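The values are calculated or read from the model by the stated rules, or taken from the named source; none is laboratory data. Note that this is a predicted model, so its numbers are computed, not measured. Note that we place each Cβ from the backbone using ideal geometry, even for glycine, and neighbour counts take in every protein chain shown. Quick note on the areas: whole protein, heavy atoms, side chains included, nothing else; ligands and nucleic acids left out. Shrake-Rupley method; radii C 1.70, N 1.55, O 1.52, S 1.80 Å.
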Amino acid sequence: MTNPFFEKYNTPHGTVPFDKIKLEHFEPAFIEGIRRDKEELELIINNPEPPTFENTIINDQLDEDYYSLLGNVSTVFFNLLSSETNDDMEDLAQKIQPMLTKHENDVVLNEKYFQRIKAVYDNHRELTPEEDMLLNNVYEGFVRSGALLDEKGKEKLRALTEESSMLSLQFSQNLLKENKAFSLHITDEKDLAGLPDTQREAAAQTAKERKKKGWVFTLDAPSYGPFMQYAENRELRHKFFMARNTECTHNNDANNLEICKRLVNIRREVAQLLGFDTYADYVLKKRMASNVANVYDLLDKLIEAYKPTALKEYEEVKDKARRMEGEDFKLEPWDMAFYSHKLQLEKYNVDSEMLRPYLELSKVIDGVFGLANRLYGITFKENKDIPVYHPDVKAYEVFDRDGSYLAVFYADFHPREGKQGGAWMTSFQDQYINQKGENIRPHVSVVMNLTKPTEEKPALLTLCEVETFLHEFGHSLHGMFANTRFEALSGTSVWWDFVELPSQFMENFSLEKEFLHTFAFHYKTGEPMPDELIDRLIAGRNYNVASGCLRQVSLGLLDMAYYTKKDEFNEDIITFEKKAWEKAIIGKQLPDTCMTVQFSHIMAGGYAAGYYSYKWAEVLDADAFAVFKKEGIFNTATAQRFRDCILSKGGTEHPMTLYKRFKGSEPTIDALLERNGIKKIHNA
């Protein structure tokens, strides 16, 4: 049987031949990929020539296509595991993950290999800045993976990392299982009171797909969020809220409580084995924030700046609820979205349903692509000859300003059974310069869970969903514009508290009138979104912004509370969580709800001791967009500078060096506070 992974991809731009890949192809490709990796390692460490940058760090004497098999199959498998999985793939992941972790440990803990790397690190030819960055990253990567430990320490580290990789996988599988297991099935139309037609039609379609009568609501964001915002049936809101906020806490095989506890302890043990007091100390050594004190300094400044406003926002919602329901009404967490929405209507006469008819997905796609064209001159052309892994996925060729081929862009828009919740950007091929000197262009992908079309209507989005699209598209631009020599430094391969700058920067355009005018047309009449509606939207842009900020800060505090522990963590997760984020919490805390057990970012997604990055990058994105506001939000010279200084550079230099090259100075928190209406900044 022919295995597509063993052949050169005969597809447009060498894209992944999804139409030919079957489940049975993965395991043989993993096994052969590991074998080739071991062969490559032996060739490097047994090279009789003295270690050099060329023969040890970049291995330019070896066939890069032949030895890239493991990376290729891993990329496809783990991307599909998030976006298009099934029970058989989940079972295979349980088998593959320990093989991979053992192999990775075999590489980074190989003493002969490390001694060659150290020899180059200690004595090398004059390097370019990019070569120097790669060498430092490789050397420090090995050290941070245990290369300096004695044999006993290495064995301990092996055991910890192998256990951690399996627990992280189990965490994600449990969360997906719990998310898909619950649905709210409604058969009495009276229980739909308050819900707009969009939500009723979507729920009816979901019921039809599941061969049920009535309406089915799921925990996927496009279903759950609007239900909590519009449904008048308080009892059902309560039921739905508790289902969502108690995921993975139940007494079943998808419970994540003990998994989280063990992951926290494993990471602390790893850090201490490597000479750090805490896991946060270990992580932050390779972050812009540098240390724990700087993270808490940012979070505390945000609490100080935003909490007074957040308290006022909360009291206003409580007051609105009492005015509607009576003075004795007690606001509960499952009421917040509902009454907050009522207050928003009262104050600004605007909500997501008013905007939906103007935010039809195909037009939003045109708008986002048009924005990229206006800023950077790039164009997108759908190519149906590029294979995709699901009919929902669209594949585009991307061309640069001069018409040259730039990248392949995949967009996967809607929720489905085998897809994780949330939204993310990933890649199937990163950019780099190959041994022949060819610039290998990237294949990037954005995966989202946006509102689906129904039999009656096309996919009509909320403004929040447009912002999500812009966010992930910003990440994809970081990948598509990559122009570095080494794959390991390409695109989004940057420090984690810098990686959110390009994505969050793009969100700023969502409330720019001139941008909305390019695509926000009524899906039936073709009429543009009225200026008067946009003005109301802009007027209410900071509605409950302080509460939203504190929500993010609370998650940052929770993350840091786990990963700044010096001693064994054996506390009750739910109790610990309530205390950890208490100073950033405004409303009532419920005894049974738990975020930790579904907090993929810090348990299985690489953001452990790094969730503060979103707020850190928000300071950067507000500061950067202030430059665009000053010079013109569509100023092509400013956009080109942003591309040249940041988007194309990947991790080739320190992020602050890149940022200062773009702006001319370090960022301040002022632009964020001004954008959010927390304080007015008067520039001289």
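Structure notes:
- When segment 345-370 is limited to residues that are among the acidic types (Asp, Glu) and assigned to a helix (DSSP H, G or I), the one that is nearest to the chain's Cα centre (by Cα) turns out to be Asp366.
- Residue within segment 425-436 that is touching a Lys or Arg at 6+ places or on another chain (Cβ under 8 Å), over 17 Å from His475 (Cα atoms), charged (D, E, K, R) and not in a strand (DSSP E or B) present: no
- Residue within segment 249-260 that is closer than 24 Å to Met656 by Cβ, among the polar types (S, T, N, Q) and open to solvent by 50 Å² or more (accessible area, probe 1.4 Å) present: no
- Residues in segment 372-386 that are open to solvent by 10 Å² or more (accessible area, probe 1.4 Å) and in contact with a strand residue (DSSP E or B) (Cβ under 8 Å, 6 or more places away or on another chain): Asn373, Thr379, Phe380, Lys381, Glu382, Asn383, Lys384.
- Against the test of being buried (at least 18 other Cβ atoms within 10 Å of the Cβ), modelled with pLDDT of 95 or more and in a helix (DSSP H, G or I), the options Leu311, Leu302 yield a single qualifying residue, Leu302.
- Residue check, Leu167 outside any helix (DSSP H, G or I), in contact with a Lys or Arg (Cβ under 8 Å, 6 or more places away or on another chain) and closer than 24 Å to Ala423 by Cα: no
- Candidate set: segment 227-248, residues that are open to solvent by 70 Å² or more (accessible area, probe 1.4 Å) and of a type in the set (Asp, Glu); chosen: the one farthest from Lys342 (Cα to Cα): Glu235
- Single match in Glu653, Glu618 (criterion: part of a helix (DSSP H, G or I), open to solvent by 10 Å² or more (accessible area, probe 1.4 Å) and in contact (Cβ under 8 Å) with a residue 40 or more places away in the chain): Glu618
- Those residues of segment 57-77 which are farther than 24 Å from Glu131 by Cβ and open to solvent by 60 Å² or more (accessible area, probe 1.4 Å), in sequence order: Asn72
- Single residue of segment 388-424 satisfying the filter (out of contact with any strand residue (DSSP E or B) (no Cβ under 9 Å at 6 or more places or on another chain) and either β-branched (Val, Ile, Thr) or under 17 Å from Thr468 (Cα atoms) (or both)) that is most open to solvent (accessible area, probe 1.4 Å): Gly421
- Here Glu631 passes the criteria (1) out of contact with any helix residue (DSSP H, G or I) (no Cβ under 7 Å at 6 or more places or on another chain); (2) modelled with pLDDT of 95 or more; (3) among the acidic types (Asp, Glu) except the one numbered (1).
- Single condition Lys342 does not satisfy, out of (1) touching a Lys or Arg at 6+ places or on another chain (Cβ under 8 Å); (2) part of a helix (DSSP H, G or I); (3) within 23 Å of Ala580 (Cα to Cα): (3)
- Between Ala202, Ala181, the distinction of being within 30 Å of Pro458 (Cα to Cα), open to solvent by less than 50 Å² (accessible area, probe 1.4 Å) and among the small types (Gly, Ala, Ser) belongs to Ala202 only.
- Against the conditions (1) within 30 Å of Gln229 (Cα to Cα); (2) open to solvent by 40 Å² or more (accessible area, probe 1.4 Å), Ile186 satisfies every one except (2).
- Restricting attention to segment 604-615, the residues being open to solvent by less than 30 Å² (accessible area, probe 1.4 Å) and part of a loop (DSSP other than H, G, I, E, B) number 6.
- Test: residue in segment 394-413 that is under 23 Å from the mean Cα position of the chain (by Cα) and part of a loop (DSSP other than H, G, I, E, B): yes
- Among helices (runs of 4 or more DSSP H) entirely within segment 457-572, having at least 3 residues that are surrounded by fewer than 19 Cβ atoms within 10 Å (Cβ to Cβ) singles out 531-539, 545-563.
- Filter pass, Glu54 being free of Cβ contacts under 8 Å to residues at least 40 places away in the same chain, open to solvent by less than 60 Å² (accessible area, probe 1.4 Å) and closer than 22 Å to Tyr121 by Cβ: yes
- Pairs meeting the criteria (first residue in segment 520-534 and closer than 25 Å to Thr454 by Cβ, second residue open to solvent by less than 40 Å² (accessible area, probe 1.4 Å) and part of a strand (DSSP E or B), beta carbons under 6 Å, at least 6 apart or on different chains) are Tyr523/Glu360.
- Selection status of Gly194, assigned to a loop (DSSP other than H, G, I, E, B) and open to solvent by less than 60 Å² (accessible area, probe 1.4 Å): yes
- The one condition in (1) of a type outside the set (Val, Ile, Thr); (2) within 30 Å of the chain's Cα centre (by Cα); (3) assigned to a helix (DSSP H, G or I) that Leu184 fails to fulfil: (3)
- Taken over segment 263-273, the criterion of being of a type outside the set (Val, Ile, Thr) and open to solvent by less than 40 Å² (accessible area, probe 1.4 Å) is satisfied by Leu263, Asn265, Arg267, Arg268, Ala271.
- In segment 116-152, residue surrounded by the fewest Cβ atoms within 10 Å (Cβ to Cβ) [restricted to those that are among the aliphatic types (A, V, I, L, M) and more than 34 Å from the chain's Cα centre (by Cα)]: Ala119
- In segment 576-602, residue least open to solvent (accessible area, probe 1.4 Å) [restricted to those that are part of a helix (DSSP H, G or I), of a type in the set (S, T, N, Q) and over 25 Å from Glu304 (Cα atoms)]: Gln598
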